[in-house]
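Participant: One structure, as structure tokens, below. Some questions next.
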Ligand SMILES: Cc1cc2nc3c(=O)[nH]c(=O)nc-3n(C[C@H](O)[C@H](O)[C@H](O)COP(=O)(O)OP(=O)(O)OC[C@H]3O[C@@H](n4cnc5c(N)ncnc54)[C@H](O)[C@@H]3O)c2cc1C
């Protein structure tokens with residue numbers, strides 16, 4: 001098994017060894033500066049050039065565009081239907097409806113981009129199945145069903161009985177479930193590489209291996225400092241994922257955890273046996289979610305959102321390669337699919353997850369002319385297109401449907417400062433895992449576990465979707 005930070009997708013897309021764009025070596029000027037070349041930054045660059053082809057757009061990426069979480073995630077392209085109860089609670093009914101429609105459109109826009117731009121990112125709009133794996137989880141989707149009913153959003157979620165769930169994917173753990181039709185899968189590294197190629201063709205100046213060390217407002221402009229030179233820009237888009245924690249104004253705006261994945265050798269016979277040939281992406285119903293999908297070459301990619309909390313903005317190290325977590329993920333995979341007992345796991349990898357206290361992505365205005373997009377909480381593939389578009393509109397000073405989305409500058413919720421964020425987060429994470437393991441085994445979690453796992457909600461930090 002190959003276990004490293006890059007994982008399977010980057011290798012499959014043939015990106016290893018691809019020449020990077022030259023690093024910045026002198027001072028430059030831009031209308032729009034973009035910091036970070038994951039999906040958020042790439043989409044922002046794409047939309048900035050689409051909206052204003054004459055604008056000078058400069059993108060600075062610390063490594064190679066798309067080699068961060070954007071190139072190595074699960075490839076679930078979700079809308080925000082499962083966020084509806086949370087969206088309603090925070091923004092009210094009208095704005096919740098607006099958000100979920102914008103997120104639907106974002107999923108569609110990714111498919112249209114791939115088709116129109118000839119990007120073969122394996123975009124497969126086959127929907128998302130959420131399954132229950134224990135009596136405790138049998139009704140997990142009821143708040144979502146109620147929210148859909150309340151908003152007149154018919155057809156957004158379909159409740160399934162056990163037979164219907166197992167007809168889609170016959171894991172012995174599955175009980176009842178819910179199906180969300182607006183969802184797709186992609187090969188994430190192919191999508192990132194396609195976006196990178198198209199923005200370069202569109203005339204975005206991309207400098208890779210160029211880390212932005214500081215950003216400040218000066219005389220109505222934004223100045224970014226890198227080891228090779230400064231960029232002075234009319235506006236900046238901050239799209240550095242979990243590394244945004246390094247930017248002082250955002251230190252209390254997010255926390256950082258990690259997720260780890262493995263992928264099997266091609267197992268088309270197992271997929272046939274499971275009846276899992278429709279291309280749906282699937283999860284269980286835990287907060288520390290297990291997520292899995294098939295690939296075009298007949299593999300099962302399987303991940304767990306129960307990775308460790310990262311200290312500060314330390315996105316490397318155990319956030320990416322964590323042998324202990326990987327051993328757990330392999331064991332979980334074989335519990336969901338005992339048929340894989342003797343099948344090889346070919347790759348393992350992981351990455352940081354930028355978690356917002358509301359568990360909803362957001363755009364935050366920072367200083368005079370900088371706009372940050374983050375907080376995807378493990379669900380960035382679909383929404384990043386919409387957030388990138390909002391960031392481009394804001395940076396270009398355009399007032400449109402994207403720059404006025406409800407998640408642009410929402411009411412502030414802060415996470416506790418260090419050392420409480422890391423130490424407290426680690427204790428709470430362990431309590432949630434203990435609680436959900438007990439629930440999965442039809443046991444009652446002890447009172448202390450229940451108390452500790454409930455702390456986030458009591459201090460205004462949402463856990464779950
Ligand atoms: C294992 C795993 C599985 C996941 N599965 C899914 C999934 O199935 N579906 C889903 O929707 N989401 C999933 N996610 C989350 C998803 O990958 C992210 O939400 C999404 O990629 C965020 O994109 P981004 O562009 O905001 O950040 P990133 O992809 O983190 O990109 C940020 C970029 O900024 C660069 N950077 C950082 N600091 C600087 C600096 N100072 N200067 C310049 N550049 C800098 C980084 O090198 C990086 O390339 C998963 C994440 C992981 C780790």
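Taken together, the values in this text are just the output of simple stated rules run on the coordinates, not laboratory data. If you're wondering where the values come from, they're calculated on a predicted model, not measured in any experiment. Cβ coordinates were reconstructed from backbone atoms using ideal geometry, including for glycine residues, and neighbour counts include every protein chain displayed.
Participant: Mind listing whichever residues of the stretch 242-283 are in a helix (DSSP H, G or I) and touching a residue at least 12 places away in the same chain (Cβ under 8 Å)?
Facilitator: Scanning the stretch 242-283 gives 242, 243, 244, 245, 246, 249, 250, 268, 270, 271, 273, 274.
Participant: Looking at (1) on the phi < 0 side of the Ramachandran plot; (2) out of contact with any strand residue (DSSP E or B) (no Cβ under 9 Å at 6 or more places or on another chain), which one does residue 359 not meet, given that it meets all the others?
Facilitator: Tallying (1) on the phi < 0 side of the Ramachandran plot; (2) out of contact with any strand residue (DSSP E or B) (no Cβ under 9 Å at 6 or more places or on another chain), residue 359 fails exactly one: (1).
Participant: To continue, here is another question. Count, please, the residues in the stretch 217-229 that happen to be in contact with a strand residue (DSSP E or B) (Cβ under 6 Å, 6 or more places away or on another chain), more than 9 Å from the ligand (Cβ to nearest atom) and in contact (Cβ under 8 Å) with a residue 40 or more places away in the chain.
Facilitator: 2
Participant: So, one more: Part of a strand (DSSP E or B) and away from the ligand (no atom under 12 Å from the Cβ): is that true of residue 358 in this structure?
Facilitator: no
Conditions (1) in contact with a helix residue (DSSP H, G or I) (Cβ under 7 Å, 6 or more places away or on another chain); (2) farther than 29 Å from residue 405 by Cβ; (3) in a loop (DSSP other than H, G, I, E, B); (4) within 12 Å of the ligand (Cβ to nearest atom), marked per residue:
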| position | (1), (2), (3), (4) |
| --- | --- |
| 285 | yes, no, yes, no |
| 297 | no, yes, yes, no |
| 318 | no, yes, no, no |
| 321 | no, yes, yes, yes |
| 325 | no, yes, no, yes |
| 328 | no, yes, no, no |
| 332 | no, yes, no, no |
| 339 | yes, yes, no, no |
